[in-house]
Structure formats: structure tokens, C-alpha cells
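Following: one structure in C-alpha cells, then a few remarks.
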Amino acid sequence: MLNEILEKLFSKNTPKSRDEVKRRLKLVIAHDRADLNPELIEAMRKEIMEVVSRYVEIDDSDSEFLLENNQRATTLVANLPIKRIRANPDTDNS
């Protein structure tokens, strides 16, 4: 028990960075399994951003596009923080 506490206190790999490494590895594996090239992913990201931006203002600096993979399927996850909803989606593109 004491060893576990000391390991947690003095470990170079903090839980947060370890979780980030695991997340990135899962992303790479999902890309490989989905057989999608980076250009296609980027084209999808741009098109999704264009469509969603017609209806809401998005915080581009904080948005994420991830491919997640489980044993049954690969999932595209778009995390898009919304700043505000556009009053008139057809004409308000500011």
C-alpha cells in the first residue's frame, strides 16, 4: 500500500497525461481500423463545421473531431462548443 502511494506521488506519468496518451492511441487505432485517410477526415471536418455554423456560432479553438472505436463500430465524435444560436440561420452568417 505504501509503495502504491509513493508511486502515485512520484510517478512521472500523471493520470491526466496517461489518459491523454490512451485517448490519442485509441484515435490512431480507430483511424487505422476505419481506413480513412487524413485528407478525407479533414474534408469531413470542414463540411461538418460549415453546416453546423449555419445554425450556431462555434468556438473553433475548442472544437474536437475524434474517431472512437469499439469492437462493433467506429464512431465519429464532434465536440463543438456553441457560443450562441443564430437568430436567423439562413441569413445570419456573421
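The values are calculated or read from the model by the stated rules, or taken from the named source; none is laboratory data. Here the structure is a predicted model, which is why all the values come from computation and not from measurement. Cβ placement follows ideal geometry from the backbone for every residue including glycine, while neighbour counts extend to all protein chains displayed.
Taking first residues from the stretch 55-66 that are free of Cβ contacts under 8 Å to residues at least 60 places away in the same chain and of a type in the set (D, E, K, R) and partners that are assigned to a loop (DSSP other than H, G, I, E, B) and surrounded by 10 or more Cβ atoms within 10 Å (Cβ to Cβ), the Cβ contacts under 6 Å between residues at least 6 apart in sequence or on separate chains come to D59/P81; D62/P81. Candidates in the stretch 69-82 are the residues that are closer than 13 Å to L36 by Cβ and surrounded by 15 or more Cβ atoms within 10 Å (Cβ to Cβ); of these, the one that is nearest to the chain's Cα centre (by Cα) is L76. Taken over the stretch 29-68, the criterion of being modelled with pLDDT under 75 and surrounded by fewer than 11 Cβ atoms within 10 Å (Cβ to Cβ) is satisfied by D35 alone.
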